[in-house]
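The structure appears below as structure tokens.
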Protein chains: 2
Amino acid sequence: MTPVQTKALPAIWGFARSMIGRYRHEITTPALLLDLPVVRLNIERMAERMNGHARLRPHAKSHKCAQLARLQIAAGAIGLTAATVWEAAALAEAGVEDILIANEVVHDNKIFELTRTASRARVTVAVDDLNNARTLSDAATKANTRIGVLIDVDIGLRRCGVRSEGAACELALRVGRLLHLELRGVMGYEGHCALEPDRPLRERKTSEAMLKLAGAASAIRSAGLPVEVISAGGTGTYDLTGSYPGITEIQAGSYVFMDAARQDLVPEFALGLTVLSTVVSRQDDTLVVDAGKKTIGVDFALPRLVGVEAKTRYVSEEHTVFDVAPSCALVVGQPVEIVPGYCPTTINLHDVYHVIEDGKVVEIWPVFARGPGGGGPT
Amino acid sequence: MTPVQTKALPAIWGFARSMIGRYRHEITTPALLLDLPVVRLNIERMAERMNGHARLRPHAKSHKCAQLARLQIAAGAIGLTAATVWEAAALAEAGVEDILIANEVVHDNKIFELTRTASRARVTVAVDDLNNARTLSDAATKANTRIGVLIDVDIGLRRCGVRSEGAACELALRVGRLLHLELRGVMGYEGHCALEPDRPLRERKTSEAMLKLAGAASAIRSAGLPVEVISAGGTGTYDLTGSYPGITEIQAGSYVFMDAARQDLVPEFALGLTVLSTVVSRQDDTLVVDAGKKTIGVDFALPRLVGVEAKTRYVSEEHTVFDVAPSCALVVGQPVEIVPGYCPTTINLHDVYHVIEDGKVVEIWPVFARGPGGGGPT
């Protein structure tokens, strides 16, 4: 057991599990509700759509949940993507055998955890710096394990990643010579395209980004090095990247739940995640609920009230405030459900999912690797 | 022991405590650093400034920390303010004897926890709805305890709170007759003034808000009811509300730490909280660190890099991206410190504070009541 997994469980486990079999309105609010039939449908739908060259390696940062990772693997995913080494450790603990950390892993304590994880699962990590690669090589050698490497290429987001084909090629050549590292290919993330609401523009920007990624891959191949993996793709662009020639893996993750930010972009997936909340104040046209920024991710879009005619006025720490018509029948004490603005920054604010089927709690699933740093190595 | 307090401790406790005596750069990043001398100074400075009629009841939502609550009490605070019943329970567990929950408490499970807390500390809660007050009265009667009540008055934020003096008076009259509730006064929060950068405008808006609050208090007094408490005030307005005639209690809390959103508004307090982070990527003018929105609150202001000439470009889930000059000497692997955009939505993303003095970790303090719902009653 890694410290990551043991962290999540004892906290709320006993009490939360006592909710199994109860109706959703009995759950203490605010609480995360997972609509199991909808989530299963989203997972199946994505699996059906991944029928071309690219395979799905869904991103666990959007759910941080062992049970969901297993459902995705069962539906055909080739492995999982993680944002942090602590998510990777939790995925390995959950039995996932092939994990991509789509980020640079740098701090000594994290690299130590990386080697521990690499000793129990096939692990690949993003690299954009030679010194970091050398440190990874030293650690892998010391731990007598192997770490896969994708050269991280900036394809327009201007975050991590080398800035040119030449730099990608040079780094690949050097990484290829480092002991206990395995050069597996390239990755790039078109985060600057994924939320573009104009579909033709999204297509054009995504094509430009994939052209850069494919170019870096070609340059590395031309230098005689292997590129078995070309990884990209978010929920907003999965179909564009997934059908782009040469792309082998798609990292989309939020399709499992969806949220207010992506609902209109990819309407083929349904809303499977809400925050259960209670009306705590009603004054004329103002409705206030007991869930705010400490409960709901509001990146890229405001949260929405489910099934009620309401306009989201603003979100504060422990409240969301809605404009409602005077005729709105909601009063203090009633339960409501809220669609998060952005699901990846919602789930890390919660200890557990209340898994709902037919209006009742059927299971409690913990959220793993919530804390920053994840607790560090034991 | 309440479930709130037991939640925070086991998680990261053992590993975090092993950091005591170590240098800050040995801490696994991202991590919360608390500069103890600065925080002590901020607490002393606020205590010195509360020398008029109003007394300080600092808000625990900004720190969620038993040790800080005790330091504030030792410096003269009359009690603590809490945003949720779970924070109140944790404060009672920490030995705080007088607690104001400056919010409506509505859900049955939360009201049960409220009565438990009221049996071990003097507890006051905000009310803006008669049915909620009746439910509180029933629960307090059943638990054979007493709950104090402040009538919550909207003074311009348009969130919770009754909308007129007449409504405040009518609600007070009815609450005053409910068994096991004690009407103690009124509260209002001038949240719409607290971040106004133009000082004269901030003064004028705050005066208007306090006039409304004082008006509601007068109306209730005129009806022959007691108003021993008139509570208001945030860090951005503490000196204005604290000197307004009749205001008895100030709820300011973030002065303890400060953050990028308030640094220029109230420069008499110093920065006492940072997020320790590691440079994970450096490409030309782009510096990327391993702390993002899952680690740093970015409400109202972007985070800033400490002691480095850098412009914050954007914050994503696990990264913050900075523009730096080509001459910037920072490379991958180096530690940096980041001033959060907003401290109350930073601390709930962390398990513990690394308490720093003379560059070393001297103590580890847990963050309490992190989870939404706080785990519910046992």
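The values are calculated or read from the model by the stated rules, or taken from the named source; none is laboratory data. Fair warning: this is a prediction, and the values are worked out from it, not measured in the lab. Every residue, glycine as well, gets a Cβ built from its backbone with ideal geometry; the counts of neighbours run over all protein chains shown. Note: areas computed on protein heavy atoms with side chains; ligands, DNA, RNA excluded. Shrake-Rupley method; radii C 1.70, N 1.55, O 1.52, S 1.80 Å.
So what's segment B:10-72 giving for Rg/Rh, alpha carbon basis, Kirkwood Rh from the mean inverse pair distance?
On the Cα set of segment B:10-72, Rg over Rh gives 1.07.
Which whole-number value in Å² is the accessible area per residue of segment A:127-217, probe 1.4 Å?
Working: 3790 Å² over 91 residues.
Ligands and nucleic acids excluded, the result is 42 Å² per residue.
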Distances from B:Asp358 to the same residue in each other copy, label points 7 Å out along Cα→Cβ, in nm, shortest first? 6.6
Taking springs between alpha-carbon atoms closer than 10 angstrom, which of A:Gly95, A:Gly253, A:Gly191 fluctuates most in the Gaussian network model of chain A? A:Gly95
Taking alpha-carbon centroids only, segment A:345-367 lies from segment B:334-368 a number of Å equal to 29
Normalised convex hull volume, segment A:119-165, alpha-carbon set, Å³ per residue: 80
Testing the spin-label approximation: label points 7 Å from Cα along Cα→Cβ at A:Arg17 and B:Ser222. State their distance in nm. 6.0
Label-to-label distances across copies for B:Arg177, with labels 7 Å out along Cα→Cβ, in nm, shortest first? 8.9
Report, in debye and to the nearest 20, how large the dipole of segment B:129-256 comes out about its Cα centre when Lys and Arg carry +1 and Asp and Glu carry -1 on their Cβ. 280
Probe 1.4 Å, heavy atoms of protein chains only: per residue, the accessible area of segment A:311-369 in Å² is 30
Report, ordered by chain and residue number, the aspartates and glutamates lying within cross-link reach of A:Lys360, taken as a straight Cα distance under 14 Å and ignoring same-chain residues fewer than 8 apart. A:Glu26, A:Asp35
Compute the semi-axes of the equivalent ellipsoid of segment B:319-378, taking the square root of 5 times each eigenvalue of the Cα gyration tensor, and list them largest first in whole Å. 31, 17, 9
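Mind grabbing the interface size between A and B? I mean buried accessible area, both sides, 1.4 Å probe, in Å² to the nearest hundred. Each step should come with its number before you reach the end.
Details: alone 15660 and 15650 Å², together 25900 Å².
Between A and B, the summed buried area is about 5400 Å².
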So the compactness index of the protein assembly as shown, its C-alpha Rg divided by 2.2 N^0.38 Å, takes the value 0.96
Not counting ligands, DNA or RNA, and with a 1.4 Å probe, what is A:Arg204's accessible surface area in Å² rounded to the nearest 10? 140
State the Cα centre-to-centre distance between segment A:277-291 and segment B:250-298 in whole Å. 31
Considering only protein heavy atoms, what is the solvent-accessible area of A:Arg122 at a probe of 1.4 Å, reported in Å² to the nearest 10? 90
Please check: in the Gaussian network model of chain A (C-alpha springs, under 10 Å), which one of A:Gly148, A:Gly176, A:Gly359 has the largest mean-square fluctuation. A:Gly359
Could you tell me which of A:Leu225, B:Thr241, B:Thr145 has its Cα farthest along the dipole of the protein assembly as shown towards the positive end, charges placed at Cβ (Lys, Arg +1; Asp, Glu -1), taken about the Cα centre? B:Thr145
For segment B:181-324, place one equal point scatterer on every Cα, skip the solvent, and apply the Debye formula. What is log10 of I(q)/I(0) at q = 0.09 Å⁻¹? -0.41
Taking only the alpha-carbon atoms of segment A:155-212, what semi-axes of the equivalent ellipsoid follow from 5 times the gyration tensor eigenvalues under a square root, in whole Å, largest first? 29, 10, 9
Which of the residues in segment A:310-338 lose at least 50 Å² of accessible area when you go from the chain alone to all protein chains together (probe 1.4 Å)? A:Tyr314, A:Glu317, A:Glu318, A:His319, A:Val332
Using only the Cα atoms of segment B:71-171, what are the Rg and Dmax in Å? 13.8, 40
Comparing B:Thr28, B:Thr117, B:Thr145 in a Gaussian network model of chain B (Cα, 10 Å), the one with the largest mean-square fluctuation is B:Thr28
For an R0 of 35 angstrom, estimate the FRET efficiency from the Cβ-Cβ distance between A:Lys142 and B:Glu363 and round to the nearest 0.05. 0.60
So what's the gap between the Cα centers of segment B:120-137 and segment B:19-61, to the nearest angstrom? 31
Rounded to the nearest percent, how much of the accessible area of the protein assembly as shown (1.4 Å probe, protein heavy atoms only) is carbon and sulfur? 50
Give me the dipole magnitude in Debye, nearest 20, for chain B about the Cα centre, with unit charges on the beta carbon: positive for Lys and Arg, negative for Asp and Glu. 760
With every protein chain in place, the residues of segment B:251-290 shedding 40 Å² or more of accessible area versus the chain by itself (probe 1.4 Å) are B:Val280, B:Gln283
Given the pairs A:Lys61/A:Lys205; A:Lys64/B:Lys294; A:Lys293/B:Lys293; A:Lys294/B:Lys110, which span a C-alpha to C-alpha distance of over 22 angstrom in this model? A:Lys61/A:Lys205
What base-10 log of the normalised intensity I(q)/I(0) is obtained for chain B from the Debye formula, alpha carbons as equal point scatterers, at q = 0.10 Å⁻¹? -0.65
In Å², rounded to a whole number, the accessible area per residue of segment A:21-96 with probe 1.4 Å is 34
Roughly how big is segment A:13-122's charge dipole about its Cα centre, with Cβ charges of +1 (Lys, Arg) and -1 (Asp, Glu), in debye to the nearest 20? 220
Expected output for segment B:137-186, residues with a loss of 50 Å² or more in accessible area relative to the chain alone at probe 1.4 Å, reads B:Arg158, B:Arg159, B:Arg163
